[in-house]
1. Can you spot the lysines whose alpha carbon is less than 19 Å from B:Lys370's alpha carbon? Ignore those fewer than 8 places along the same chain.
2. Could you calculate the FRET efficiency of A:Asp3 with A:Asp99 from 1/(1 + (r/R0)^6), where r is the beta carbon distance between them and R0 is 30 Å, rounded to 0.05?
3. Using only atoms on other chains, find how many Cβ atoms lie within 10 Å of each Cβ of peptide B:43-50 and report the average.
4. Enter the mean number of other protein chain beta carbons within 10 Å of the beta carbon of each residue in A:347-353, as an integer.
5. Taking R0 as 56 Å, what FRET efficiency do you get between B:Lys118 and A:Met431 from their Cβ-Cβ distance, rounded to the nearest 0.05?
6. With a 1.4 Å probe and all protein chains left in place, how much accessible area per residue does the stretch B:300-454 have, in Å²?
7. If I model a spin label at A:Arg33 and B:Asn256 as a point 7 Å from the Cα along the Cα→Cβ vector, what separation in nanometres do I get?
8. Of A:Lys381/A:Lys414; B:Lys182/B:Lys439; A:Lys27/A:Lys97, which pairs sit farther than 20 Å apart, going by alpha carbon to alpha carbon?
Amino acid sequence: MADLTANFIGIKSPNPFWLASAPPTDKAYNVIRAFEAGWGGVVWKTLGEDGPPVVNVAGPRYSALYGKDRSVIGLNNIELITDRPLETNLQEIAQVKRDWPDRAVVVSLMVPCEESAWQSILPRVEATGADGIELNFGCPHGMSERGMGAAVGQVPKYVEMVTAWCKYYSRLPVIVKLTPNITDIRHAARAAKRGGADAVSMINTINSIMSVDLDQLVVTPTVEGKGTHGGYCGPAVKPIAMHMVADVARDSECQGLPISAIGGISNWRDATEFMAIGASNVQVCTAAMTYGFKIIDDMVDGLSRFLKRKKMSSLEGIIGAAIPSVTDWQYLNLNYAVKAQINQDLCIKCGRCYIVCEDTSHQAIIATQKNNERHYVVNNKECVGCNLCVSVCPVENCMSLYELHDELDERTGKIVTGEYQNWTQHPNNPMA
Amino acid sequence: MKQVITRNLSEATGNVTNEESSSAGCHSQFTEMHPPLDTHSALVESDRCYFCFDAPCIQACPTGINVPNFIRMISNHNPLGAAEAILQENIMGGTCARVCPVETLCEQACVRNTDGDKPIQIGLLQRYAVDTAMQAGETFFTRAPDSGYSVGVVGGGPSGLSCAHRLATLGHQVVVYEAREKTGGLNEYGLAAYKMVNNFAQREVDYITAIGNIDIRHGMKLGDNIDLAEIRAAHDAVFLAVGLGACNAIGLTGENSSGVENAVDYIRQLRQAEDLFKLPVGSQVVVIGGGMTAVDIAAQIRLLGAHEVTIVYRRGAEHMKASVMEQEFAQTHDVRIMHWAQPMQLLVEQQQVVGVEFKSTNMVHQSQEKFVLQADMVFKAIGQSLEFIDRDHGIEFKNDSGRLWVDAERRTSHSGIWAGGDCIRDSEDLTVSAVQDGKLAAQSIHRFLNGIRD
């Protein structure tokens, strides 16, 4: 086994897999089960200020986006922060941390945007012995309408202000959880850094309406004939989260700001991808809510074998390893050229490559007959190497792209030199 | 015949269910060969379809059903749209979904037939769609305004009904002359019971004839109580869909002995039996033939309780008209299949068959080896021939097969008379081909009636 020990802003855990602040971490019972299963840490479900507990709907809170085999592709929820008394949570947190000293226990917080509210709750959290706090600036439903959650996260100066309060009133490391429901997430991340945040975690859930029940013509989840937008998560949001993590990871103003990645992480591969684009650890929720805590076994084993295969002795080797590959469009080499090719031995003659290219792209695949069978060939005179055919081909490795090197591109009539030339240098760019 | 073994009820019901009760005289039925898909399974299976460009399954369907299109509709929770797309091309989509040898037609053409994969279950998906529509009482079709023309259809089997339905939608009045008591032809009298459970043939007949303007006259047998000239005179056009009547004989002495039966006759009795337990069932059964009828009778007689069932075919497995899937179905029902042997002699004692002597036909060994299979029941399943068409009427027959000659539009050599189904077919004598014949003939008749012959 490779060494999976993680040290995230001084918070140690036996592996980099934490459960995100969400229903799976609402109480000691669940958290203990997670630790027994092998999770490295948890971010306890968000605590609010003392007083009458938050009230959740008693109707449905979740709604799913399904694949045809009813696999859960996405999930949304309208659940609020914990609806249990503050003191109950604090006592359980203290006990769990005492019983599981090697695991990370971070407490998510959301109180009104007033200094006194934070001043009052922070010492009580610190007294539990928890390893750190995560500021919930992301929940897009319910609490945001009360001026908390995403309502704070969407205003960088509030992010900075509250982060600074937390650093002032507590010695605990502060993770600022960012909302994706914003035009450019880097502004919120920079604000967190200015406020003194030790790290950011991202992304919180995305504003969403899951579906319309076409029999009743109401949105889901439906609470007595009405629905509302909820927070969207699960495998379908992963590409969105990846982009945002990469954006912050390579932002010059955010250099040195660790990232805890969240967003559709379901297995070791997802987790490793996030770490490769700059996350130091990852948080998981929907996959656990789909399959239970036992998914941790595959995550630990898979990541461990991956590191071994890559001859990396610790997580340090993978964290950020793919960041150099991320750039802006304008810096892509416009003299790089590829063409599609079909492995005729693997081709099953479904014709999908042909019809999508013919109907929706560049008419670069020819449908013909060979030995009385349907036969598809690439027309290099038209192929722009767009990768659509490769993307839709149902057979793995049947279609692929190959690079042109010092040879004629039949489409342009020019020799492909491969010499680096990006848009900023291109003669067609009036700004160049 | 020697009576027959005492059947152990539990053995016989191992694959025979009594739908209402197990008391004598109840309506007994076989369980289904392929259970239907439920909605979830249909969604999952439909999602496997690649929606191929110019899909080969469409070409492989004798009725040209747009398979990827209807599967996509199922996939998107639109089974009624799927059913209409199917029935537009094949009004007997329900039966064909149950009995088509899909493994040699659409499913064989499926691009997912690769080493590590299996084809889309097109037959079961088609059944899911059509059954959903039939259960919902959705008939989809309406009649065009009355054309004033009348067409006589001789035979109420798949081809005749397909033609009648299409003609009715086009506004023509149709009279179906049916020899038997019930409509449906081989769907009702000929297909294996385990393919057509729950009285499906009659339910489909009702579903098809609900279009209206189809007047079915039972007990009208061509050459018996009505002749072709009469029918031709009574209508503006005629469609012959008489099927095949006569069973081919083996040509051995003793074929009239007790225990020697035509497979199609027995299946007809089986399909109409009020009580399956009253059917005579041999203990040692030999089936002679290699087509689907041979498999159907062998599997059914085994399910009814015969102890040993052997199909004997004069050529190899690859030559059998029964598909590999059908052969495997028989074999998994404990039916033995012997190849390369032909019957030489029926062994008869006191008018009862007791065995069959065979000679090896294996050309490689040239052994001429002879052997005897003991049998108290022998089924002939070596095909049928066209029973009776008034040869004086001037209709051309094909010299080699004795079937009726037709052109691509299913026109016979006689003006105003079309033909389709088994009576024109030397091969591909499938329900689905018969339906296509009826459809094409109806379209041709319609053009003829409108004076737009091409």
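1. B:Lys359
2. Details: r = 24 Å, r/R0 = 0.81.
Once the sixth-power term is evaluated, E becomes 0.80.
3. Details: counts 5, 4, 2, 1, 3, 3, 1, 8.
Average neighbour count from other chains, rounded to a whole number: 3.
4. Values: counts 1, 8, 6, 12, 8, 5, 1.
That works out to 6 on average.
5. Values: r = 56 Å, r/R0 = 1.01.
Result of the calculation: an efficiency of 0.50.
6. Details: 7440 Å² over 155 residues.
Using a 1.4 Å probe on heavy atoms only, each residue of the stretch B:300-454 averages 48 Å².
7. 8.0
8. Numbers: A:Lys381/A:Lys414 12 Å; B:Lys182/B:Lys439 22 Å; A:Lys27/A:Lys97 12 Å.
Check vs 20 Å cut-off fails for B:Lys182/B:Lys439.
The values are calculated or read from the model by the stated rules, or taken from the named source; none is laboratory data. Everything numeric here is computed off the predicted structure, so don't read it as measured data. Don't worry about glycine lacking a Cβ; one is built from the backbone with ideal geometry, like all the others, and counts go over all protein chains shown. We work out accessible area using only protein heavy atoms, side chains counted, and drop any ligands, DNA or RNA first. Shrake-Rupley method; radii C 1.70, N 1.55, O 1.52, S 1.80 Å.
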